Amino acid sequence: MTLARMKTRRRRSPSTWFEKVMAAIALINLVIVLFDLSYIRFRDLYLRLLPEPTIWYGEQFKGIEPERTTTGYLALVDELDAQVSDGSADEQTRERILAQLTEQSAVIVDENPFEIADKTGTLERIKNIVRDRQDEDSSKAAFREFWADANFDNAEEARESLDFFDDEIRPLMETNYFRSINERGNPTDLFWRIDLPFMLLFAAEFLVRTLVLSRRHKGTTWIDAMLWRAYDVPLFLGFWRWLRIIPVTLRLHQACWINLEPARNRLSRALVSQFAVELTEIVLLRVIDQAQSFVREGDIARLIARATDRGQYIDINSVDEVQTIAKRLSDVVVYQVLPKVKPELDALLQHSVVGALNQAPAYQGLSLLPGFNEISAQISRQVVSELSKTLNQALQNVFADEEGARLTGALISQFGNTLALEVQKEETLFEVRSLVYDLLEEIKLNYVEGIAAEDIEQAQAARYRLYSVTGQAR
């Protein structure tokens with residue numbers, strides 16, 4: 001047994017004997033309900049498997065009676081069979097029976113007594129069988145030829161014809177029936193006589209459970225307690241009885257006869273995965289569409305204008321966040337970053353200085369002197385080191401000085417205002433707006449709408465692997 005199954009089994013509370021008994025009763029009721037719902041549709045099958053119980057059930061609870069025309073027809077065939085078997089029938093009696101069978105065959109073809117039971121297809125099968133045997137296109141002519149007196153002159157031929165009828169035609173005719181109609185114009189259905197005791201039992205159980213839940217959990221109303229076990233309601237409803245599959249399945253799970261946890265977890269993961277993909281796609285598309293509308297309608301220009309106009313801009317803390325952020329970043333760069341990158345900065349400056357000197361004509365001439373290159377490299381290193389040190393110290397002094405900080409703030413403020421004014425120019429704003437809109441459209445087409453095309457099965461497989469590793473699989 002895997003670790004996941006052990007965890008699942010530990011989480012399921014042990015079922016009591018009452019739960020098991022009620023689950024068994026509910027299962028029996030469901031089997032009876034399914035049999036009743038399928039009785040009319042599969043009556044022919046039930047007749048072959050259990051003929052006597054099937055006939056009894058139909059007569060007692062479905063208002064089914066033998067159909068007179070087909071019953072009388074089969075009685076005539078039985079009478080003829082008895083005459084042939086005894087070998088003592090006179091010619092007149094046989095001719096009378098055969099004439100009646102021929103006449104009744106025509107009546108059956110014309111009046112279709114199978115229509116009331118919605119078994120017209122069965123009659124068509126009978127007609128096809130007789131036509132094929134007699135090699136006739138007309139079913140009446142085929143029946144007339146089948147019941148011809150010449151076929152029953154010889155006992156052997158008569159026996160062959162009757163055996164054919166008993167094997168091929170009689171089973172089909174025996175499936176026909178007549179079903180009575182009640183006062184409301186519907187077919188008779190007395191299944192409620194069987195179902196009523198079950199319904200009363202489950203209704204009483206539902207009320208008792210509601211009472212127990214309302215008392216066990218203080219503050220729980222009867223309505224809340226009923227909703228707690230709402231899935232039991234189909235058990236005592238007299239309609240839509242097929243819905244009882246739901247409470248019966250849940251009761252079997254509660255009785256620990258079946259385990260629905262794996263199916264429930266797989267279903268929930270599939271639904272969550274599908275919902276998450278669609279929700280993510282919808283949200284991102286909505287956000288991008290709003291951003292495109294924001295850019296297209298010119299709101300970005302108004303936003304920049306409001307940001308630069310402190311009179312119209314809504315300030316919630318009397319702090320210029322842009323300048324404060326810029327000041328904080330400048331402090332970090334000067335006091336934290338530059339000292340740590342000084343070796344790399346010195347190397348870059350030295351490379352730049354040496355490169356500039358190498359291009360000077362006077363320096364190129366002096367480089368021919370012996371030992372000049374070494375002296376030049378040492379001098380450039382010292383100059384660069386002092387230059388970076390001086391620059392770093394100067395920046396720190398500027399930021400430490402109140403006047404320097406004020407001037408730096410003014411520079412940042414003027415830089416932001418100038419940039420905002422330049423961006424608001426018509427040609428610049430139009431180009432930026434067009435580029436931003438196209439960028440959002442490309443993001444939507446290339447990435448967001450591709451979320452739905454992601455293979456959810458692969459995502460689920462990866463998640464299952466994760467659960468198996470972490471021991472969270474169900």
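Taking the conditions (1) open to solvent by less than 50 Å² (accessible area, probe 1.4 Å); (2) under 30 Å from Val107 (Cβ atoms); (3) at pLDDT 90 or above in turn, Ile32 satisfies each one other than (2). Could you check, for the range 208-229, whether at least one of its residues is over 18 Å from Leu27 (Cα atoms), touching a Ser or Thr at 6+ places or on another chain (Cβ under 7 Å) and open to solvent by 80 Å² or more (accessible area, probe 1.4 Å)? Yes, there is a match, as at least one residue in the range 208-229 is over 18 Å from Leu27 (Cα atoms), touching a Ser or Thr at 6+ places or on another chain (Cβ under 7 Å) and open to solvent by 80 Å² or more (accessible area, probe 1.4 Å).
For the range 50-72, the set of residues classified as open to solvent by less than 70 Å² (accessible area, probe 1.4 Å) and in contact (Cβ under 8 Å) with a residue 40 or more places away in the chain consists of Gly58, Phe61, Lys62, Gly63, Ile64, Glu67, Thr69, Thr70, listed by residue number.
For Phe198, only one of the following conditions fails: (1) in contact with a helix residue (DSSP H, G or I) (Cβ under 8 Å, 6 or more places away or on another chain); (2) open to solvent by 50 Å² or more (accessible area, probe 1.4 Å). What is its number? Phe198 satisfies all of (1) in contact with a helix residue (DSSP H, G or I) (Cβ under 8 Å, 6 or more places away or on another chain); (2) open to solvent by 50 Å² or more (accessible area, probe 1.4 Å) except (2). Here no helices (runs of 4 or more DSSP H) wholly within the range 73-165 include at least 2 residues being open to solvent by 60 Å² or more (accessible area, probe 1.4 Å) and in contact with a Cys (Cβ under 6 Å, 6 or more places away or on another chain). Checked against (1) without any contact (Cβ under 8 Å) to a residue 24 or more places away in the chain; (2) of a type in the set (D, E, K, R); (3) assigned to a helix (DSSP H, G or I), Lys218 passes all but a single condition, namely (3). Hey, does the range 166-182 have a residue that's at pLDDT 90 or above, more than 34 Å from the chain's Cα centre (by Cα), open to solvent by 60 Å² or more (accessible area, probe 1.4 Å) and farther than 29 Å from Ile32 by Cα? There is at least one residue in the range 166-182 that is at pLDDT 90 or above, more than 34 Å from the chain's Cα centre (by Cα), open to solvent by 60 Å² or more (accessible area, probe 1.4 Å) and farther than 29 Å from Ile32 by Cα. The C-beta contact set for the range 233-249 (first residue in a helix (DSSP H, G or I), second residue open to solvent by 80 Å² or more (accessible area, probe 1.4 Å) and of a type outside the set (A, V, I, L, M), distance under 9 angstrom, 6+ apart or interchain) comprises Pro234/Trp240; Pro234/Trp242.
The values are calculated or read from the model by the stated rules, or taken from the named source; none is laboratory data. Small disclaimer: the values here were computed from a predicted structure and weren't measured. Every residue, glycine among them, receives a Cβ derived from its backbone with ideal geometry; neighbour counts consider all protein chains shown. Just so you know, the surface numbers come from the protein's heavy atoms only, side chains and all, with ligands and any DNA or RNA stripped out. Shrake-Rupley method; radii C 1.70, N 1.55, O 1.52, S 1.80 Å.
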